[in-house]
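Here it is, the structure, as structure tokens.
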Amino acid sequence: MPTQPNNSHLPFGDQRTAPWYGKDIISVKQFSREDLEYVFAVAHEMHDMVDHVGTFDLLKGKILANLFYEPSTRTSSSFTASMERLGGSVIPINEVKYSSVAKGESLPDTVRTLECYADVIVIRHPEVGSAAAAAKASRKPVINAGDGIGEHPTQALLDAFTIKEELGHVDGLTVTLLGDLKHGRTVHSLARLLSLYKVKLNYVAPDILRMPAELIEELKSKGVQQEEFTGLDKPLPATDVLYVTRVQKERFTDESVYESVKGAYVIDPKVMKAAKERMIVMHPLPRVGEIAVEFDDDPRAAYFRQMEYGLYVRMALLAMVLGKA
Ligand code: CP
């Protein structure tokens, strides 16, 4: 019969039997609806703690290795801020060209190196499956911060948290995903995560940037109501959450194809006249013209608040995998 580990030698608050202790976070498929409620509850507490005391020592002495093979502002800096607000510290590898990766070191060897120095590894890499490969090589928890056009699970978690915080619930909402749905790992992860709720999903994209057929089939098999459009006019009036994405230039091999679709949709005050008064516009950011700055002061523009919610969700995730939540 399995026995519970004796944790009596561990410091106060250490919960090594906690369900997420030592786990990797690679895909949103790992999360049940109950898990989401748990993450949101911890994130909520983190928000309160930051508001009241700013920084606290929940992860004092813990070290995060932040390994980014692709550019990032939000994910990289919010993981750094999360660790530091929880009293831990960070090994930042944001420019792999200055690490031994530039000498040809493999991903598994890089991960095996970092696990000697850190308690948790966050990785962003251009190849689908790279985070899973890193997790396989590592004894320490690995968190996927984006693997090519695959997944971006922590972004999807913060997106769902944003919806819940802003609108109070997720069930019953109509969520319209707009832009580069082919390459957008954030929309792939978010659509999967939202399939845990009773939502209607609209997909608005140019023909060549449609949501992958396999993902539509996957969600169909779960009974999710989905509809595809090439224009925003029809779905916008019934939309509760408009999730806008950037056309990802870096994923195109032919620049002329990128040029032909890059300005397909622009959200501005005029377009938004057709939308509900109580709804939100989200964007994982960075934006490159798909939301006009003139819309930023509209109360429905939730994309800057969304970034802040990301801090609390990532604080929650770090505490969870390090056995402190
Ligand atoms: N949303 C997001 O992943 O932003 P960064 O690329 O700046 O991390």
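For the subset of segment 250-276 comprising residues that are outside any loop (DSSP other than H, G, I, E, B) and small (Gly, Ala, Ser), which member is least open to solvent (accessible area, probe 1.4 Å)? Show your work before the answer.
Residues of segment 250-276 that are outside any loop (DSSP other than H, G, I, E, B), as a first pass: 250-251, 255-261, 267, 271-274.
Next, only the ones that are small (Gly, Ala, Ser) stay: 256, 260, 274.
Values: 256: 74, 260: 86, 274: 56 Å².
Filtering first and then ranking leaves 274.
Test of understanding: among 106, 77, which residue is within 15 Å of the ligand (Cβ to nearest atom) and of a type outside the set (D, E, K, R)? Before the answer, list the steps.
Details: 106 fails: within 15 Å of the ligand (Cβ to nearest atom).
The unique qualifying residue is 77.
Now a separate question. Of (1) touching a residue at least 40 places away in the same chain (Cβ under 8 Å); (2) open to solvent by less than 20 Å² (accessible area, probe 1.4 Å); (3) more than 12 Å from the ligand (Cβ to nearest atom); (4) hydrophobic (A, V, I, L, M, F, W, C), residue 156 satisfies all except one. Which?
The number of the failed condition is (3).
Next up: Within segment 78-115, which residues are in a helix (DSSP H, G or I), open to solvent by less than 60 Å² (accessible area, probe 1.4 Å) and under 29 Å from residue 53 (Cα atoms)?
Within segment 78-115, the first condition is being in a helix (DSSP H, G or I), and the residues that meet it are 78-85, 96-98, 100-103, 107-115.
Then drop every residue that is not open to solvent by less than 60 Å² (accessible area, probe 1.4 Å), which leaves 78-83, 96, 100-101, 107-108, 110-111, 113-115.
Those that are in a helix (DSSP H, G or I), open to solvent by less than 60 Å² (accessible area, probe 1.4 Å) and under 29 Å from residue 53 (Cα atoms): 78, 79, 80, 81, 82, 83.
Turning to a different aspect of this structure: Six or more apart or on different chains, Cβ atoms under 9 Å: show the pairs whose first residue is in segment 45-65 and among the β-branched types (Val, Ile, Thr) and whose second is assigned to a loop (DSSP other than H, G, I, E, B) and surrounded by 11 or more Cβ atoms within 10 Å (Cβ to Cβ).
Final answer for the pair search is 50/56; 55/86; 55/87; 63/88; 63/118; 63/119.
Determine whether residue 166 is touching a Phe, Trp or Tyr at 6+ places or on another chain (Cβ under 9 Å) and either open to solvent by 50 Å² or more (accessible area, probe 1.4 Å) or on the phi < 0 side of the Ramachandran plot (or both). Before the answer, list the steps.
On the way: touching a Phe, Trp or Tyr at 6+ places or on another chain (Cβ under 9 Å): yes; either open to solvent by 50 Å² or more (accessible area, probe 1.4 Å) or on the phi < 0 side of the Ramachandran plot (or both): yes.
Considered against the rule, which asks whether it is touching a Phe, Trp or Tyr at 6+ places or on another chain (Cβ under 9 Å) and either open to solvent by 50 Å² or more (accessible area, probe 1.4 Å) or on the phi < 0 side of the Ramachandran plot (or both), residue 166 comes out as yes.
Give just the number: which of (1) at pLDDT 95 or above; (2) buried (at least 22 other Cβ atoms within 10 Å of the Cβ); (3) touching a helix residue (DSSP H, G or I) at 6+ places or on another chain (Cβ under 8 Å) does residue 247 not satisfy?
The failed condition is (1).
Rundown of residues vs (1) out of contact with any strand residue (DSSP E or B) (no Cβ under 9 Å at 6 or more places or on another chain); (2) under 29 Å from residue 144 (Cα atoms); (3) at pLDDT 95 or above; (4) of a type in the set (Val, Ile, Thr), yes/no style:
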{"position": "239", "(1), (2), (3), (4)": "no, no, yes, yes"}
{"position": "254", "(1), (2), (3), (4)": "yes, yes, no, no"}
{"position": "269", "(1), (2), (3), (4)": "yes, no, yes, no"}
{"position": "272", "(1), (2), (3), (4)": "no, no, yes, no"}
{"position": "279", "(1), (2), (3), (4)": "no, no, yes, no"}
{"position": "286", "(1), (2), (3), (4)": "yes, yes, no, no"}
{"position": "300", "(1), (2), (3), (4)": "no, no, yes, no"}
{"position": "316", "(1), (2), (3), (4)": "yes, yes, yes, no"}
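Another question, then. So which residues in segment 291-308 are touching a residue at least 24 places away in the same chain (Cβ under 8 Å) and open to solvent by 30 Å² or more (accessible area, probe 1.4 Å)?
294, 298, 300, 305, 307, listed by residue number.
Still on this structure: Restricting to segment 284-299, count the residues that are more than 16 Å from the ligand (Cβ to nearest atom) and not in a loop (DSSP other than H, G, I, E, B). Steps first, answer last, please.
Filtering segment 284-299 for residues more than 16 Å from the ligand (Cβ to nearest atom) gives 289, 292-299.
With not in a loop (DSSP other than H, G, I, E, B) added as a condition, the list becomes 293-295.
Adding up the residues that qualify gives 3.
Check off (1) open to solvent by 70 Å² or more (accessible area, probe 1.4 Å); (2) in contact with a Ser or Thr (Cβ under 9 Å, 6 or more places away or on another chain); (3) farther than 29 Å from residue 300 by Cα for residue 221 and give me the number that stays unchecked.
It fails just one condition, (2).
Considering segment 51-77 alone, what residues qualify as being part of a strand (DSSP E or B) and either exposed (fewer than 12 other Cβ atoms within 10 Å of the Cβ) or among the small types (Gly, Ala, Ser) (or both)?
Initial filter on segment 51-77 (part of a strand (DSSP E or B)): 63-68.
The one that is part of a strand (DSSP E or B) and either exposed (fewer than 12 other Cβ atoms within 10 Å of the Cβ) or among the small types (Gly, Ala, Ser) (or both): 65.
The values are calculated or read from the model by the stated rules, or taken from the named source; none is laboratory data. Because the structure is predicted, anything quoted here is derived from the model rather than measured. In this analysis, Cβ positions are derived from the backbone assuming ideal geometry, glycine residues included, and neighbour counts consider all displayed protein chains. Side chains included, ligands, DNA and RNA excluded: accessible areas come from the protein's heavy atoms. Shrake-Rupley method; radii C 1.70, N 1.55, O 1.52, S 1.80 Å.
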